[in-house]
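Working notes for the structure below.
The values are calculated or read from the model by the stated rules, or taken from the named source; none is laboratory data. Being a predicted model, the structure only gives us computed values, none of them experimental. Here the Cβ positions follow ideal geometry from the backbone for every residue, glycine too, while neighbour counts run over all protein chains shown.
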């Protein structure tokens, strides 16, 4: 099993090779999948041209002064330009950007305690190629570094606040002692600018959890102060034996619609081999619901907020509300590049092409 | 079982008779249900008039210069006008409009292949009486024609694009080979204006699925390029044995809040006889969640996205997110005309009366 | 078991004592829980001050003419003011306001019939301290008085309309005879200003239901015409044996984001003793979804819309859509003051502190 699987370098290289999607698509890994498709794209495939293209004037009722031939030409040009933009977006995927979020953070060991240092600080964050925004982060990442521990571990989190306002960390989903719950003026004082604060606890319950700011949180979380806190169970269930374990954090704050801090085409594809099992841990840190839709294969829902569902159930579109975590298993039995996106379409596509909450599950033959 | 049951002609005639809801309500089918109600509406029923109606000035604190009697008269007139508009809407239901969507499309057979011809084209679409909008459609219908096949069928879809921009069809929920998935520049070239494209596949998985544009889709689907793709199982479960099988597609795009392409009072009632079972296949092709609420009876949820739930469960309000399909069974054990609507109230009612995502389940004695 | 448990007077007194949260926190009931926390808040606890606080100018790129020391001072002042406002909000909780909604209404008995009198009328309603709004109410309460009966009871509801527009009551979730369903012009005439109307029925199905206006309802319900209609089962399941039974009605209409008609800090905490079981009956009467998140403990979901789920399941964040009711059990095994709020953060917190859909579950040692 790969933990929060990053693309192996060789795949990443292929995917990004000189902005050339063709190189990727013709690579050994993906040839069987996509070469036929690409050929179709270029050669017209099953496509045939009919005698008379439609024009906008077809339904204009004849009141326009524009000559139909000119209108048709303008419409064709607009359609071509739209397709060009769509194609450019797809070909750019996965686009390189500065900064990677959700990177697994290795703990320092202090005897039996796993120690994690988190510094709250502002950085410039590149959401998509060329679009940089102000981000409030843990350790300069959006989402913050991924913390992954085991049930029963002793954990210490050192928070250093380099922001200009107070903050605090809530460990969302963990059933901690009250004084570790991270809510200023209820369970602790706020952590002032320039100050530090230490949380320490024994990890009580397994599952896909989160950590995020609980002070001025609509703003601080919206700007990036959030991360995954995954707790592996002491005794995994058989259904949890997977080949790829992927955390997907949804957000929709000041950075736009993002998956793990990036918008399409800078989102990260999930890659698996035919027959492998992928676990996706959906986490919503945004302000809106996002029904995530996977093409080509179904998802088997196993956990809600880190708790097993009474029985696994299947779907292809899973509605994920703010604060929720849902864990699903995908058995990768259908080779190809499969779109994987929020099905609130304005979160995923504009007339300029796909953007925002779009990625792909690539099943290699 | 009636497939995507349309009202029998005799019922439709009654429902629409000369704008007269009274005729319908007094008809043999509905007398027992509604006559008492209507009498109550006209005669005042259990209603009694108290001595002193409230007026807006009751809480005005005495600072207004309007004479209380005049204010009371104005309030009464406004309330009467509101009721008049509400009543007119109900009496108009189900209102006749031009065009019907979601009509079952019979295939042509090419040997063993079921062939469906879909033409993408713009039409004017009447959402409610007198409100015509531009619609982008399959075969001039919103939703597009209903495709209903069986697991294992061989199916061919001929798409002809008469629009002024490119398009493509994604078969949402079907686990097809990648090159039939309908995502331009990932699995196929876009289908240009004036061009045609053919999809062909063996239907892999049963359930309530959909087909819709996957190119500039926020616009194209919002304007009507969507339809139901229902796959009947080879071996139906006992719980699937129903008397009425009804597809209800929700949308909230440029045409407003609609059920099967129409807004109340032009929506279609579902009609069943006492004791019958109705299956409703909810499909959300919009951009918002819609919690659909049925009055008078509960719904038993059996399927999610075409996959059986581990065990059926009951509700009266079912939250349906974009891209989701939920199948429910209603055992019609309570006679009457039952409101059936989205419970986000601004999607269903205004001060001018009910509109948008409202219909009725009529259980005839 | 306490029914829709109100705080005992002694607790309320403590909570509100002279605006002093310290008094509450040091009280016998809460000492063990919170005294340590408060000490930490005042003394700095585990907090340490580092040498150099961050300032907004750290990332300003040097183009500002403001002297860094001045900018730092301004940032510090702003942060301090923000914390002060946050602290004031928390300390004010639970704040006293005029008017309490959702108060259990004792029926008059007319032989075997439980009679409830509901008067629809406008009042001024204090949502938070000092913020008064126009409310349209049943009996002057928002939510309306809680009706709690038993399966099979005979119930009569006398509605008197003192509003300036017509109204009607729909008993949301109850499977009543059609003529008791409360939909003007479909099942009854509207109840005119000044008029009265009587509903009478035998309660058919158990569970957490609601009553609300079904006439101009987007406005009337948004202004407060709603309440809980809880039906206790004749044979409760073992899982229903709880110590605290709490109705929590969500709304987001013209009064802002509210729980039982109040916004934080005027919301009511739920109080239980360590080891007790709390049932929360969530009801959404608003226009938006609200994923309710409980800190520190999970919720076990038992019922949807008054119907048992096939098997209980666990979560810490439960997505509740308009019209839905969800019943959960919390086993209070973790002492402390636990935040309990909508996780759409702009419904719960602003730069001025927590507001709206926030309360607490207080587990006393």
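Identify the single condition in (1) more than 7 Å from chain B (Cβ to nearest Cβ); (2) under 27 Å from residue C:289 (Cβ atoms) that residue A:317 does not satisfy, given that it satisfies every other one.
Evaluating residue A:317 over (1) more than 7 Å from chain B (Cβ to nearest Cβ); (2) under 27 Å from residue C:289 (Cβ atoms) leaves (1) as the failure.
Look at the range C:286-309 and say how many of its residues are farther than 19 Å from residue A:171 by Cβ, surrounded by fewer than 24 Cβ atoms within 10 Å (Cβ to Cβ) and touching a strand residue (DSSP E or B) at 6+ places or on another chain (Cβ under 8 Å).
Qualifying residue count for the region: 7.
Within the range C:98-127, which residues are over 20 Å from the mean Cα position of the chain (by Cα), surrounded by 18 or more Cβ atoms within 10 Å (Cβ to Cβ) and closer than 19 Å to residue C:229 by Cβ?
Listed by number, the residues that qualify are C:114, C:116, C:118, C:120.
Does residue C:144 satisfy the criteria of being part of a strand (DSSP E or B), within 20 Å of the chain's Cα centre (by Cα), surrounded by 24 or more Cβ atoms within 10 Å (Cβ to Cβ) and modelled with pLDDT of 95 or more?
no
Is it true that residue C:361 is touching a residue at least 40 places away in the same chain (Cβ under 8 Å), surrounded by 24 or more Cβ atoms within 10 Å (Cβ to Cβ) and within 12 Å of chain A (Cβ to nearest Cβ)? Step through it out loud before you land on a result.
Numbers: touching a residue at least 40 places away in the same chain (Cβ under 8 Å): yes; surrounded by 24 or more Cβ atoms within 10 Å (Cβ to Cβ): yes; within 12 Å of chain A (Cβ to nearest Cβ): yes.
Yes: the conditions hold for residue C:361.
Within the range B:178-204, track down each residue that is more than 8 Å from every other protein chain (Cβ to nearest Cβ) and either modelled with pLDDT under 95 or surrounded by fewer than 24 Cβ atoms within 10 Å (Cβ to Cβ) (or both).
As a first pass, look at the range B:178-204 and keep what is more than 8 Å from every other protein chain (Cβ to nearest Cβ): B:180, B:182, B:199-204.
Hits for the range B:178-204 are B:180, B:199, B:200, B:201, B:202, B:203, B:204.
Of all residues in the range B:297-309 being farther than 22 Å from residue C:214 by Cβ and assigned to a loop (DSSP other than H, G, I, E, B), which is nearest to the other protein chains (Cβ to nearest Cβ)?
Kept after step one, since they are farther than 22 Å from residue C:214 by Cβ, are these residues of the range B:297-309: B:300-309.
Next cut, assigned to a loop (DSSP other than H, G, I, E, B) only: B:305-306.
Numbers: B:305: 4, B:306: 8 Å.
Checked the range B:297-309; the qualifying residue nearest to the other protein chains (Cβ to nearest Cβ) is B:305.
Suppose we keep only residues that are part of a strand (DSSP E or B) and out of contact with any helix residue (DSSP H, G or I) (no Cβ under 9 Å at 6 or more places or on another chain) within the range C:328-343. Which one would you say is surrounded by the fewest Cβ atoms within 10 Å (Cβ to Cβ)?
In this case the residue turns out to be C:331.
Take the residues in the range B:108-131 that are without any contact (Cβ under 8 Å) to a residue 12 or more places away in the chain and part of a loop (DSSP other than H, G, I, E, B); name whichever of them is nearest to residue B:203 (Cα to Cα).
So, considering only residues that are without any contact (Cβ under 8 Å) to a residue 12 or more places away in the chain and part of a loop (DSSP other than H, G, I, E, B), the one nearest to residue B:203 (Cα to Cα) is B:111.
Taking the range B:273-296 as the search range and keeping residues that are assigned to a strand (DSSP E or B) and within 14 Å of chain C (Cβ to nearest Cβ), which one is nearest to residue C:205 (Cα to Cα)? Write out each step before concluding.
Just the residues of the range B:273-296 that are assigned to a strand (DSSP E or B), to begin with: B:273, B:277-284, B:290-294.
Okay, now just the ones that are also within 14 Å of chain C (Cβ to nearest Cβ), so B:282, B:284, B:290-294.
Working: B:282: 25, B:284: 29, B:290: 25, B:291: 21, B:292: 20, B:293: 17, B:294: 15 Å.
Taking the candidates together, the pick is B:294.
Only one residue in B:134, B:165, B:175, B:98 is over 26 Å from residue A:335 (Cβ atoms), within 11 Å of chain A (Cβ to nearest Cβ), touching a residue at least 12 places away in the same chain (Cβ under 8 Å) and not in a strand (DSSP E or B), so which one is that? Explain how you work it out, then say what you get.
Values: B:134 fails: not in a strand (DSSP E or B); B:175 fails: over 26 Å from residue A:335 (Cβ atoms); B:98 fails: within 11 Å of chain A (Cβ to nearest Cβ).
Step by step, each of B:134, B:165, B:175, B:98 is checked, and only B:165 is over 26 Å from residue A:335 (Cβ atoms), within 11 Å of chain A (Cβ to nearest Cβ), touching a residue at least 12 places away in the same chain (Cβ under 8 Å) and not in a strand (DSSP E or B).
What's the number of the condition residue B:279 fails, among (1) surrounded by fewer than 22 Cβ atoms within 10 Å (Cβ to Cβ); (2) touching a helix residue (DSSP H, G or I) at 6+ places or on another chain (Cβ under 9 Å)?
Among (1) surrounded by fewer than 22 Cβ atoms within 10 Å (Cβ to Cβ); (2) touching a helix residue (DSSP H, G or I) at 6+ places or on another chain (Cβ under 9 Å), residue B:279 violates only (1).
Residues B:312, B:346: which one is part of a strand (DSSP E or B), at the interface with chain C (Cβ under 8 Å from one of its Cβ atoms), farther than 14 Å from residue C:172 by Cβ and touching a helix residue (DSSP H, G or I) at 6+ places or on another chain (Cβ under 9 Å)? Lay out the reasoning, then the answer.
On the way: B:346 fails: part of a strand (DSSP E or B).
Only one candidate passes the filter, namely B:312.
Conditions (1) modelled with pLDDT of 55 or more; (2) more than 9 Å from chain C (Cβ to nearest Cβ); (3) assigned to a loop (DSSP other than H, G, I, E, B); (4) on the phi < 0 side of the Ramachandran plot, marked per residue:
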position: B:41; (1), (2), (3), (4): no, no, no, yes
position: B:46; (1), (2), (3), (4): no, no, yes, yes
position: B:52; (1), (2), (3), (4): no, no, yes, yes
position: B:65; (1), (2), (3), (4): yes, yes, yes, yes
position: B:72; (1), (2), (3), (4): yes, no, no, yes
position: B:75; (1), (2), (3), (4): yes, no, no, yes
position: B:86; (1), (2), (3), (4): yes, no, no, yes
position: B:91; (1), (2), (3), (4): yes, no, no, yes
position: B:94; (1), (2), (3), (4): yes, yes, yes, yes
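Quick one: what pairs do we get from the range C:247-259, first residue crowded, with 24+ Cβ neighbours inside 10 Å, second in a loop (DSSP other than H, G, I, E, B) and modelled with pLDDT under 95, C-beta under 6 Å, 6+ apart or different chains?
C:247/C:4
Can you tell me which of A:348, A:272 is touching a residue at least 60 places away in the same chain (Cβ under 8 Å) and closer than 30 Å to residue B:219 by Cα? Write out each step before concluding.
Details: A:272 fails: closer than 30 Å to residue B:219 by Cα.
Sole residue among the options that is touching a residue at least 60 places away in the same chain (Cβ under 8 Å) and closer than 30 Å to residue B:219 by Cα: A:348.
Can you tell me which condition residue C:236 does not meet? The list is (1) at pLDDT 95 or above; (2) within 22 Å of residue C:281 (Cα to Cα); (3) within 13 Å of another protein chain (Cβ to nearest Cβ), and all the others hold.
Condition (3) is where residue C:236 drops out.
Considering only the range C:196-209, I want to know if a residue exists there that is over 28 Å from residue B:342 (Cα atoms) and without any contact (Cβ under 8 Å) to a residue 40 or more places away in the chain. Break it down stepwise before answering.
First, the residues of the range C:196-209 that are over 28 Å from residue B:342 (Cα atoms): C:196.
Still in the running and without any contact (Cβ under 8 Å) to a residue 40 or more places away in the chain: C:196.
Yes, the range C:196-209 contains at least one residue that is over 28 Å from residue B:342 (Cα atoms) and without any contact (Cβ under 8 Å) to a residue 40 or more places away in the chain.
Let's see how each residue does on (1) under 28 Å from residue C:211 (Cα atoms); (2) over 10 Å from the mean Cα position of the chain (by Cα):
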residue: B:255; (1), (2): no, yes
residue: B:267; (1), (2): yes, no
residue: B:271; (1), (2): yes, yes
residue: B:279; (1), (2): yes, yes
residue: B:288; (1), (2): yes, yes
